[in-house]
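Right, one structure below, let's go through it.
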Amino acid sequence: MADTGAPKMKLYWFPQYRSVRNIWLIKEMGVEKDFEFIRYKPNDENEPDAVAAYRRDVHPHGTIPALVIPGEGTILESGAINMYLADRYGKLVPDPKDRKDYYDFIMYGNATLDELIEFFYELWFEKAPFSEEKVKKMRDKFDACMDYLAKRLENRAFLCGDKFTAADTVLGYDLFSAMLFNDGELLKNHPKIREGYYARLEKRPAFQAAITMA
């Protein structure tokens, strides 16, 4: 049940960053009125005072997302934010039999896939001078992840069976990021993911609203 009359939670976000996960979840649950969305560009060199204040008062690393909960404190990890909010509202949580997969896929997205997405961002957008050996190793790891995901999604519409959950908003963000890089090059050899699972996710109105929020 949505909070009534309580101070709003504050979500610090920026377009295309991991905060997309949180906005997507919030929009899927239809609880936007309970939040203040604060657009914040991480470590903006043009706003040193704002950066210092944000590091001091909100996020010690200066990154996003961050969810400030009145009277409770702050959550920094995007996956943890979504687990917390899904439990708080009792929405987009799995059936008991799928709870194991729910936790596993959220951690898989937040840890394993986020590491890979960050690597390819640095490679292609920041032109980091990684060796060919390192690039091949990370590409092979990403392909192995997609093969594993395709196998786990056999006979399933979503990560926890036919029920869309918060886990899909976490791992789905990694696929969204992969599609942004080099015209979706990372997913070109994974049609079951690109044309199946991801295609289902991107058709969701809340997903489209989240990725176009500016």
Looking at the square roots a ≥ b ≥ c of the eigenvalues of the Cα gyration tensor of the range 1-106, which shape do they give, rounded for a/c under 1.5, prolate if a/b is larger than b/c, or oblate?
prolate
Could you give the length gained on full extension between K127 and A209, defined as 0.36 nm per residue of separation minus the Cα-Cα distance, in nm?
26.5 nm
Rounded to the nearest 500, the 222 nm mean residue ellipticity computed for the chain from DSSP H runs (n ≥ 4, each -39500 (n - 2.57)) alone is -14500 deg cm²/dmol
Taking the range 79-164 as the region of interest, what is the percent of Cα-Cα pairs per 10 angstrom bin, listed from the shortest bin to the one with the maximum distance?
15, 38, 28, 16, 3
The range 73-214, accessible area per residue, ligands and nucleic acids excluded (1.4 Å, Å²):
50 Å²
Using only the Cα atoms, what convex hull volume per residue in Å³ does the chain have?
131 Å³
Need one number: % antiparallel among DSSP beta bridges in the range 1-69, to the nearest 5.
40 percent
Given axes a ≥ b ≥ c from the Cα gyration tensor, I'd like to know whether the range 62-113 is rounded (a/c under 1.5), prolate (a/b larger than b/c) or oblate.
oblate
In whole percent, and with a 1.4 Å probe on the protein chains, what portion of the accessible area of the chain is carbon and sulfur?
51 percent
Ignoring ligands and nucleic acids, D34 exposes an accessible area, probe 1.4 Å, in Å² to the nearest 10, of 10 Å²
In square nanometres, what is one fourth of the surface area of the convex hull spanned by the alpha carbons of the range 5-60?
4.5 nm²
What is the antiparallel percent of DSSP beta bridges lying wholly in the chain, to the nearest 5?
60 percent
Return the distance in nm (one decimal) between the two label points of a simple spin-label model at R56 and A199, each offset 7 Å from Cα along Cα→Cβ.
5.3 nm
Spin-label model distance (nm) - K136 vs L76, 7 Å beyond Cα toward Cβ:
3.7 nm
Please list, in chain and number order, the residues 5+ apart from A128 or on another chain whose amide H is under 5 Å from its amide H, with Hs placed from the backbone.
L123
For K151, tell me the accessible area in Å² from a 1.4 Å probe, rounded to the nearest 10.
150 Å²
If you filter the range 72-138 for chymotrypsin sites (Phe, Trp or Tyr not before Pro), then keep DSSP loop positions with at most 12 other Cβ within 10 Å, what is left?
F125
Using modelled backbone amide H atoms (1.01 Å from N, in-plane), which distant-in-sequence or interchain residues come within less than 5 Å of L153's amide H?
none
Exceeding 18 Å between C-alpha atoms, which entries from my cross-link table qualify? They are K127/K188; K10/K41; K10/K33; K100/K141.
K127/K188; K100/K141
Using a 1.4 angstrom probe on the protein heavy atoms only, line up D57, D104 by accessible area, largest first.
D57, D104
What shape does the range 118-171 have by the C-alpha gyration tensor, where a ≥ b ≥ c are the square roots of the eigenvalues, rounded means a/c under 1.5, and otherwise prolate means a/b greater than b/c and oblate the rest?
oblate
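The values are calculated or read from the model by the stated rules, or taken from the named source; none is laboratory data. Here the structure is a predicted model, which is why all the values come from computation and not from measurement. Note that each Cβ is placed from the backbone with ideal geometry, even for glycine, and that neighbours are counted across all protein chains shown. Ligands, DNA and RNA are stripped out before the accessible areas are found, and what is left, the full protein with its side chains, is counted by its heavy atoms. Shrake-Rupley method; radii C 1.70, N 1.55, O 1.52, S 1.80 Å.
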